[in-house]
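Chemist: The structure follows.
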Amino acid sequence: MTETIQLGDVSIAVTRKDIKNVHLSVHPPNGRVTLSAPKTTRLEVARAYAISKLGFLQRMKTKWGSCNHRVGHIRLNTELVKKPKDLLEYVMVHEMAHLIEPTHNDRFIVILEEHFPTWRDARAELNELPLTSEVWNE
């Protein structure tokens, strides 16, 4: 049985399964969100879990990703799920490189070139794309 949790403009399809833990997923290319929960989990508990993870699904309006190297957290713009996979990979490698080198210095560039040699092309392509998709009403 599938239920739905509505958090603002985000609809989360909840599926109950024979599992031990709750799992929240965002699926490309449109950013569909699903939550798998143990069969005995109350919907309120599943909703609380989803709310606790909102900082993960957060819509970033000015950049594709960010990294807090001190605590090892990487945040990604949810709109990346609508972009080509290689561009998502570039952003991930870029942010993971910040775990090693926090600034965009020469060492950072060497790390990027070693792990994603075509990073300049990917960055240029990504920077040409809009951060969010617009819905046009006629």
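Chemist: Determine whether residue 5 is touching a Pro at 6+ places or on another chain (Cβ under 6 Å), among the aliphatic types (A, V, I, L, M) and surrounded by 10 or more Cβ atoms within 10 Å (Cβ to Cβ).
Modeler: no
Chemist: Go through segment 38-137 and tell me which helices (runs of 4 or more DSSP H), entirely inside it, have 1 or more residues that are within 30 Å of residue 17 (Cα to Cα) and at pLDDT below 90.
Modeler: 43-52, 54-57
Chemist: Considering segment 22-53 alone, what residues qualify as being of a type in the set (S, T, N, Q), under 16 Å from residue 8 (Cα atoms) and in contact (Cβ under 8 Å) with a residue 12 or more places away in the chain?
Modeler: Matches in segment 22-53: 34 only.
The values are calculated or read from the model by the stated rules, or taken from the named source; none is laboratory data. Computed from a prediction, not measured in an experiment: that's the story for all the values here. Cβ coordinates were reconstructed from backbone atoms using ideal geometry, including for glycine residues, and neighbour counts include every protein chain displayed.
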